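Written out below as structure tokens is the structure these notes cover.
Every number in this text was worked out from the coordinates using simple rules, so none of it is lab data. A quick note: this is a predicted structure, and the numbers were derived from the prediction, not measured. Don't worry about glycine lacking a Cβ; one is built from the backbone with ideal geometry, like all the others, and counts go over all protein chains shown.
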Amino acid sequence: MNLVRGRLIPYFDYRRDFFNEEEELIRIVREAGRRGAFILQDDLSQFESNLAEFTGARFAVGVGNATDGLFLTLRAAGIGAGDEVIFCTHTMVATAAAIHFTGALPVPVECGADHLIDPASVEAALTPRTRAILPTHLNGRTADMRALVRMARRHSLTIVEDAAQALGSRFCDQAAGTFGAGGAVSFYPAKVLGCLGDGGAVLTNDRNIFRRLSQLRNHGRDAEGLVASWGLNSRLDNIQAAILDRRLQRLPRAIDRRRAIAKLYSARLRDLHELTLPPGPEGDSDHFDVFQNYEIEAARRDRLRKFLETRGVGTLLPWGGKAVHQWKRLKLRVSLPFTESLFKRVLLLPMNAQLADNQVHKICDAIRRFYRA
Ligand SMILES: *Cc1c(COP(=O)(O)O)cnc(C)c1O
């Protein structure tokens, strides 16, 4: 590893966003702390309302993290034991875990050439027990919701969306997370909108789901504090919400920056036949992608990864290199040949709003050198 300062391009630098805003962040914490505003306070409701406005959702409910958000939304939609929920295994294990802990059966299906849930594979997995489809809007791109919404209508299925990576992403001008009963977004620090720890929210247009979620996240208590049902504790911290509200104002600029980086990657790499790149930001008019990640398919992937490492460029294998169904101990027991072959080629290149053009050029130079050799 070349450790000369400035030459090292980590996959993601967790300190950077903090350093860049240190004074402002401390001020936000001090201001909320002096009010004693820690749990379910105005900063949270303010952020929830701004988040709803940003996405065009009727409601947003802050929760502890996106995994909880998925679980609670499935529960709010009445999904549980005896039900089957279809998901694509090119996702975080959290997606499947959220289904598992409702008591329902997670039913794994393939992704398509775009790396997102394959509607044909969903159709083939339908049974009389299917209750819901849980698409993941992977890498900041919204899945083909036209096909999924149509299928859900035809078979009376619920849609719950894993929009953990897709805040701000749109399909046919509708925001990820707003197509079904509810959609969970994540504020994990490395996500498009990150906080200083764990955090998440659920977007919903359904007043009943909103009401159920507001109770479920707060010990089953209603707005008057009366216990209306069994519940859990999964609230978004008020201080995190205050920080997120500030960062939300800058999110459109951060998304523009990610899209500019994607455009640059695409311009520098698209002639390499050894690579398959994600669609560029102007790829097609149905999609507005926020590029949470830049996921390529690469010939000789593992050797490329090692080569980049020696040049000081950090990359990542999605989900530690395995699709969810490939973790044997989860006993999902399916074979998904397309997804499995894809996982031999996929690689994540650095992608975040802090990345400078010259760093993207360095990464691309190194990749070109590798394939020319
Ligand atoms: C990050 C992520 C999650 C989990 O989000 P948390 O807020 O960490 O619980 C779930 N699904 C996907 C696709 C993710 O990227």
- Rank these for me by crowding, Glu48, Glu274, going from fewest to most other beta carbons within 10 Å. Glu274, Glu48
- Item | Signed unit charges on C-beta, dipole axis of the chain, positive-most listed residue Asn205, Ile86, Ala241 | Ile86
- Message: Projecting each Cα onto the charge dipole of the chain (Lys/Arg +1, Asp/Glu -1 at the beta carbon, about the Cα centre), which of Thr102, Pro318, His219 comes out farthest on the positive side?
- Response: Pro318
- Note on the structure: Normalised per residue, the volume inside the convex hull of the alpha-carbon atoms of region 18-248 in Å³ amounts to 112 Å³
- Rough spin-label spacing in nm, given labels placed 7 Å along Cα→Cβ, for Leu330 and Arg150: 2.9 nm
- Query: Listing His137, His287 from the residue with the fewest other Cβ atoms within 10 Å to the one with the most, what is the order?
  - Reply: His287, His137
- Task: Return the calculated 222 nm mean residue ellipticity for the chain, to the nearest 500 deg cm²/dmol, obtained by summing -39500 (n - 2.57) across DSSP H runs with n ≥ 4 and dividing by the residue count.
- Result: -12000 deg cm²/dmol
- Item | DSSP bridge pairs, region 127-226: antiparallel proportion in percent, nearest 5 | 50 percent
- Taking the Cα centre of region 251-372 as origin, sum charge times position over the Cβ atoms of Lys and Arg (+1) and Asp and Glu (-1), and report the length of that vector in debye to the nearest 20. 700 debye
- So, in nm, how far is label Ser229 from label Arg34 when the simple model puts each one 7 Å beyond its Cα toward the Cβ? 4.1 nm
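Nothing charged except the Cβ atoms of Lys and Arg (+1) and of Asp and Glu (-1): what's the magnitude of the dipole of the chain about its Cα centre? Round to the nearest 20 debye.
Dipole size: approximately 1020 debye.
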- Spin-label pair Asp173/Glu274, simplified geometry with 7 Å Cα→Cβ offset, distance in nm: 4.3 nm
- Note on the structure: In order over region 46-55: 3J(HN,Hα) from phi, Karplus 6.51/-1.76/1.60, θ = phi - 60°, whole Hz, x for each Gly or Pro, gives 4, 5, 4, 6, 5, 5, 4, 5, 4, 9
- Task: Quick one: check the C-alpha center-to-center distance for region 148-171 versus region 182-227, whole angstrom.
- Result: 18 Å
- Once Lys344 and Lys306 are pulled to full extension, the length gained, defined as 0.36 nm per residue separation minus their Cα-Cα distance, is 12.2 nm
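Please give the net charge around Arg146, taking every other residue with its beta carbon less than 15 angstrom from that of Arg146, where Lys and Arg add +1 and Asp and Glu add -1.
That works out to -3.
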- Task: Once you've got the GNM for the chain with C-alpha springs shorter than 10 Å, pick whichever of Ser214, Ser335, Ser234 has the biggest mean-square fluctuation.
- Result: Ser335
- Query: Given springs between every Cα pair under 10 Å in a Gaussian network model of the chain, which of Asn293, Asn358, Asn50 has the largest fluctuation?
  - Reply: Asn358
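Quick one: net charge around Thr67, please, counting Lys, Arg +1 and Asp, Glu -1 for every other residue with C-beta under 11 Å from its C-beta. Don't skip to the end; give the middle numbers.
Working: positive: none; negative: Asp68, Asp162, Asp198.
My count for the surroundings of Thr67 gives -3.
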